[in-house]
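The values are calculated or read from the model by the stated rules, or taken from the named source; none is laboratory data. On a predicted model such as this, the values are computed, not experimentally measured, just so you know. Every residue, glycine among them, receives a Cβ derived from its backbone with ideal geometry; neighbour counts consider all protein chains shown.
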Amino acid sequence: MWMLRWFCVHTRRDRVRNKAIRDRVGVAPIEEKLIQHRLRWFGHVQRMSPEAPVRSGVLERVDNVKRGRGRPKLTWDESVKRDLKDWNISKEIALDRSAWRLAINVTEP
């Protein structure tokens with residue numbers, strides 16, 4: 001945001017909202033870009049061969065590990081499942097690279 005403010009010649013003292021600056025410059029919200037990046041990596045991992053070390057380490061997690069007290073930590077695969085559900089995308093689309101790129105694309109305003 002600092003770079004965008006500098007680009008628009010605004011300082012924090014001008015009290016211009018971040019959303020207004022992003023709309024003016026034409027940049028998508030950072031949350032959507034982070035989700036897109038996470039889903040892009042998920043598609044890359046899904047298309048790998050099953051014996052690839054990354055795929056066995058990321059997707060094949062041990063479930064019988066005892067977690068500590070308190071709120072459980074959000075894991076990568078849980079966040080990917082949430083992102084897929086929020087964006088109404090199925091896992092099977094990830095095997096087709098061109099369809100996957102269209103599904104996870106975030107349009108710039």
Checked region 74-105 for anything more than 17 Å from the chain's Cα centre (by Cα) and part of a loop (DSSP other than H, G, I, E, B); matches are Asp96
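Which residues, counting only those in region 32-49, are more than 13 Å from Lys91 (Cα to Cα) and part of a helix (DSSP H, G or I)? Spell out how you get there, then give the answer.
Residues of region 32-49 more than 13 Å from Lys91 (Cα to Cα): 32-38, 48-49.
Within region 32-49, Glu32, Lys33, Leu34, Ile35, Gln36, His37, Arg38 qualify.
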Working only within region 1-32, note down all residues that are of a type in the set (Phe, Trp, Tyr) and either touching a strand residue (DSSP E or B) at 6+ places or on another chain (Cβ under 9 Å) or without any contact (Cβ under 8 Å) to a residue 12 or more places away in the chain (or both). Trp2, Trp6
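Pro53 - would you say it is more than 21 Å from the chain's Cα centre (by Cα) and not β-branched (Val, Ile, Thr)? Working first, answer last.
On the way: more than 21 Å from the chain's Cα centre (by Cα): yes; not β-branched (Val, Ile, Thr): yes.
Yes.
Looking at Gly43, Gly26, can you tell me which residue is at pLDDT 90 or above and not basic (Lys, Arg)? Give the derivation first.
Values: Gly26 fails: at pLDDT 90 or above.
Being at pLDDT 90 or above and not basic (Lys, Arg) holds for just one of Gly43, Gly26, which is Gly43.
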What tally of residues in region 52-109 results from selecting those that are surrounded by 10 or more Cβ atoms within 10 Å (Cβ to Cβ), at pLDDT below 80 and basic (Lys, Arg)? 2
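Checking the conditions here, which among Arg24, Arg40, Arg12, Arg5 is exposed (fewer than 14 other Cβ atoms within 10 Å of the Cβ), of a type in the set (Lys, Arg) and out of contact with any Asp or Glu (no Cβ under 7 Å at 6 or more places or on another chain)?
Numbers: Arg24 fails: exposed (fewer than 14 other Cβ atoms within 10 Å of the Cβ); Arg40 fails: exposed (fewer than 14 other Cβ atoms within 10 Å of the Cβ); Arg5 fails: exposed (fewer than 14 other Cβ atoms within 10 Å of the Cβ).
Unique residue meeting the criteria: Arg12.
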